[in-house]
Amino acid sequence: MPETRFTVSFLPGHRSGKFPSGTTLRDAALQLGVLIDSTCAGMGRCGQCRVEVKGPASPLTALERELLSPQEINKGVRLSCQAEIRADAVCLVPETSTTTIASILVEGQAEVQEFDPDLQLVKLSLREHRLGETFFEMEHLLQVMAQRGAPVTSYPLSVVQTLPQVLRQGRDVTAVVYRDRLLALESGREAPAVFGVAVDVGTTTLAAKLVDLSEGQVVAVASETNPQRAVGGDVIARVHYLREQNPQNGLKYLHRLVIRAINTLIDRLCEDAGVSPDRIFKLTLVGNTIMQHLALGVDPSALTEKPYTPAVKGPLTVPAAELKLSMHPQGVVYAIANLGCFVGSDITAVLTVLDLERGGAPQLVVDIGTNGEMVLAAGGRIICTSSPAGPAWEGASIEWGTPAVAGAIERARVVDGDVQFTTIARQPAIGICGSGLVDLVCEFRRCGLIDASGRILPPERAVDAPDALRQRLVARESGACDIRIAPAADGRWILLKQKDIREVQLAKAAIRAGIEILLRELQVKPVDLQRVFVAGAFGNHLRGEDAVALGLLPEIPPERIHFIGNAALAGAEAVLTSKVAREKAEHLAQKVAFVEIAEKPEFQDVFVEAMRFPEII
Amino acid sequence: MHKELLQQLAQAVIDGNKDQAETLTNQLLDAGLEAKAILDNGLMPGMDVVGQRFRDNLIFVPEVLIAARAMKASLAILEPLLAASNAPQVGTVVIGTVKGDIHDIGKNIVIMMLRGAGFRVVDLGIDTPAEKFLQAAREENADIVGMSALLTTTMGYMKTVIERLKAEGLRVKTMVGGAPISPAFAEQIGADGYAKNAAEAVDKAKALLGV
């Protein structure tokens, strides 16, 4: 009997296809390229992949009954990873399930590097062949270039193929040279400008800059949500997908998603700047280790299991055509080297724009994200490590958590004894994003609503807290308390729950434990840290005193803490435009030593100790 | 008199007061109480409260571990006596973090809770291959094999262990837990039990053994 197939379409966007009965809506969406958020990789835990289904589907699962409200169930809302196709159906994908990040950071502060790109335009005048001599155009060209101080050791066939046509238009030519490789030959001495692109492939977000490599100016900046979010929120979930859920084509699929996203970015950059993509000859690529592997189409699976083996450190120089990138076919992609198994080229790039080797005073670099990375420089040594902080900073494991989208509570302060907050785009509150979460926890801790162990105190014990705040406490039968923050559109309260505080404690302890282990390794006392750099988009929403109050950073004077934003992209840009920066990145990749913290016998004690909040001074 | 001291011992565990727990344990023994009675009526009620508070999020990992430290100090005194007296145990659990995974904080809390509930627990540590689970289950005459994993990429190994246990014909119950594990996954790989947290793990282990 032939398999019954049903038509399923997804709105908005009207993508549809026929699928066998029993296919989950998530699988159907993935096959159609409909990108629905799925932080937990389809395990039925995160509840982010809600869709409204018109038409019959498989019965509700226990997980759905747990995660969906009765109102949602009445409306036909399902989790797309749970609901299976039983008949023709139309699925409405709500905006909340397809995240576009509102406040994405693309500017990073960086030390200015001298403009001296590896990519050069060499203008040449070639002489004519004199009858009777032995003369070949290509060899003559190479000879002239060597005489001009631009020796070439390799070139693609396409250069030879275009040579006769170029020379028919005249003997003045411009050679596009990357280090000692001749990439292209163009007629005339006034060839149009050449461009480069710096790309940071983040787990959540991709960011890119288009730079005029003739002048050294940034001409356009763009960012884009990482479409792989549809497969899983974090890198581990994505590896799980390619290993377990789609072993046949998962790698290819994830690779294509990144390449497509980079190409979308390039197209947008080019459109903004009025530049043709085939004028782009160089692209520098950075990302965490797993993202970089996926962007290069290399299987990162071995990275997620002991002994955590990356396939490649790099740097890699790859022809653009091999990656099907939307740039000049002979352009080059330079993937910056990784530092260690979970400390990727994005961190190498960050270090490239800092000056950690100067003076020898202890300096710390922390990149706060789903995965935290830490680098410590002291006494001529530089060591690094990483620590999985989990998705709390992105609001994923938080009851009323939300990514940084319109309506997310992003800032909160206690003013005149009560909490005041602002939401992104000044929209009615829908939930709490990472920066709002940090603000709330810090403020409630300062006001005595939360104690050092992380417990939300019951009203009778929160004697130091202002009355208005105490009235926000909701006591549960178990004795645990939650805190009412704001009314949601459906009349329920947006709560900061006791459980959420625990998630914050876990996330910050992971980062802090990484820092502590590095400090012990080089025998540096926190007070000796001269400069602390906090990188990453999330870090930019932090305040120094909050980072210390939370215990995320050790106790250091706030003025020594510097927030450097998306320094990874700034580093990728530096390597794009400066030979010195590229060499520095290559030097750092050799110099920085990786420390595996989880292997340290003291790790567990340090981690547990870091879960508590510091005492309030 | 005993009753009061036992209550104080329970409170010492709840408060994580290690010295107090040791002193009280010795006092109770000096007063002629049996080790089993001290375990059942002092330590276990204390750990029960700790487990319940942890489940309700009233206390967190550091407080549980501090309580566990106090319990461990008392148990260290009681264990030789328990072994000598041949007092019946609730059951024996061999437990480990599965191969490829080195995360063990959660597993260690489960171990504490199980010990606090009177189980004999053999800790196989981290990165445990199937052979080690098998060998320990046999040698320790285990009632339950417990497996923990923190990564979605390593949880699949639980299935390997369960299949090996079945293939070797070992009559032992299996329990799984860890951040990425769901009840559906546990069922799918043929585990006998799943627990969301350490306190639930104790209830589940008891239920599996019918105690």
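Every number in this text was worked out from the coordinates using simple rules, so none of it is lab data. Keep in mind it's a predicted model, so treat the numbers as computed, not measured. FYI the Cβ positions are ideal-geometry reconstructions off the backbone, even for glycines, and counts take in every protein chain you see.
Between amide H atoms placed 1.01 Å from N, distances below 5 Å from A:THR423 occur with A:GLU410, all of them 5 or more places distant or on a separate chain. Once the C-beta distance of A:ALA87 and A:ARG426 is scaled by a Förster radius of 51 Å, the resulting FRET efficiency is 0.75 to the nearest 0.05. Other residues with beta-carbon under 9 Å from the beta-carbon of B:LEU209 carry, at +1 per Lys or Arg and -1 per Asp or Glu, a net charge of +1. Projected label points at B:ALA207 and A:LEU316, each 7 Å from Cα along the beta carbon direction, are separated by 4.8 nanometres. Put in order of Cβ neighbour count within 10 Å, fewest first, the listed residues B:LYS72, A:LYS508 become B:LYS72, A:LYS508.
Under a model in which nothing but the beta-carbon of Lys, Arg (+1) and Asp, Glu (-1) is charged, the protein assembly as shown shows a dipole of about 1360 debye around its Cα centre.
A DSSP coil position with no more than 12 other Cβ atoms inside 10 Å describes none of the chymotrypsin sites (Phe, Trp or Tyr not before Pro) in region B:139-211. As a size descriptor, the averaged projected area of the C-alpha convex hull of chain B was calculated at 11.1 nm².
Treating r as the C-beta distance of A:LYS75 and A:ARG179 and R0 as 60 Å, the FRET efficiency rounds to 0.50. Per residue, the convex hull spanned by the Cα atoms of region A:400-496 measures out at 96 cubic angstrom.
What number does chain A give for Rg over Rh if you use C-alpha atoms and the Kirkwood radius?
1.03
Extending 7 Å from the Cα toward the beta-carbon at both B:GLU187 and A:GLN604 defines two label points whose distance is 3.3 nm. Please name whichever of A:ALA549, A:GLN120, A:LEU254 sits farthest to the positive end of the charge dipole of the protein assembly as shown, dipole taken about the Cα centre and charges placed at Cβ: Lys and Arg +1, Asp and Glu -1. Sorting the options by dipole projection puts first A:LEU254.
Dimensions of region A:5-97 based on its C-alpha atoms, expressed as ranges along the principal axes with the largest first, amount to 30, 23, 20 Å. Given the pairs B:LYS159/B:LYS196; A:LYS313/A:LYS579; A:LYS499/B:LYS206; B:LYS107/B:LYS173, which are separated by over 22 angstrom at their Cα positions? From B:LYS159/B:LYS196; A:LYS313/A:LYS579; A:LYS499/B:LYS206; B:LYS107/B:LYS173, over 22 Å: A:LYS499/B:LYS206. Between A:SER453 and A:LYS525, the modelled label-to-label distance comes to 3.1 nm, taking each label 7 Å out from Cα in the direction of the beta carbon. Taking Cβ atoms as reference points and 13 Å as the exclusive limit, the residues near A:THR7 contribute a net charge of +4, counting Lys and Arg as +1 and Asp and Glu as -1.
What whole-number volume per residue, in cubic angstrom, does the convex hull of the C-alpha atoms of region A:164-300 give?
128
Compared with the direct C-alpha span, the chain from A:GLU139 to A:GLN590 gains 158.6 nm at full extension, assuming 0.36 nm per residue.
Hey, fewest Cβ within 10 Å first, where do A:TYR308, A:TYR241 land in order?
Exposure proxy ranking, most exposed first: A:TYR308, A:TYR241.
Comparing B:ASP15, B:ASP30, B:ASP123 in a Gaussian network model of chain B where C-alpha atoms under 10 Å apart are linked, the largest mean-square fluctuation is found at B:ASP30. Once the Cα-Cα distance is subtracted from the 0.36 nm per residue extended length, the A:ALA406 to A:GLU52 segment shows a gain of 125.3 nm.
In this calculation the C-beta distance from A:ASP272 to A:GLU583 is compared with R0 = 35 Å, giving a FRET efficiency of 0.70. Per-residue Cβ neighbour counts within 10 Å put B:VAL172, A:VAL504, A:VAL218 in the sequence A:VAL218, B:VAL172, A:VAL504, beginning with the fewest.
Taking a ≥ b ≥ c as the square roots of the Cα gyration tensor eigenvalues, region A:539-612 comes out oblate, since a/c reaches at least 1.5 and a/b does not exceed b/c. For A:LEU449, no residue 5 or more places off, or on another chain, has a built amide H under 5 Å of its own. DSSP beta bridges fully contained in the protein assembly as shown are about 60 percent antiparallel. Residues within the reach of a label modelled at A:ARG381 (point 7 angstrom out along Cα to beta-carbon, backbone nitrogen below 14 Å), restricted to region A:506-545, are A:517-525.
Among the cysteines of the protein assembly as shown, A:CYS49, A:CYS81, A:CYS91, A:CYS270, A:CYS341, A:CYS384, A:CYS433, A:CYS442, A:CYS447, A:CYS481 have no other cysteine beta carbon within less than 4.7 Å of their own. Both radii were evaluated on the Cα set of region A:119-187; the Rg over Rh quotient, with Rh as the Kirkwood radius, amounts to 0.94. Pairs of Cα atoms under 8 Å, at least six residues apart: use those to get the relative contact order of region B:117-211, whole percent. Once divided by the residue count of region B:117-211, the mean separation gives 24 percent. When Rg and the Kirkwood Rh are both derived from Cα coordinates, the Rg/Rh ratio for region A:182-245 amounts to 1.24.
Quick check on region B:92-209: take the gyration tensor over C-alpha atoms, sort the square-rooted eigenvalues as a ≥ b ≥ c, and tell me if it's rounded (a/c under 1.5), prolate or oblate. Cα axes put region B:92-209 in the rounded bin. Extension gain, A:LYS18-A:ARG168: 0.36 nm per intervening residue step, less the Cα-Cα distance, totals 48.5 nm.
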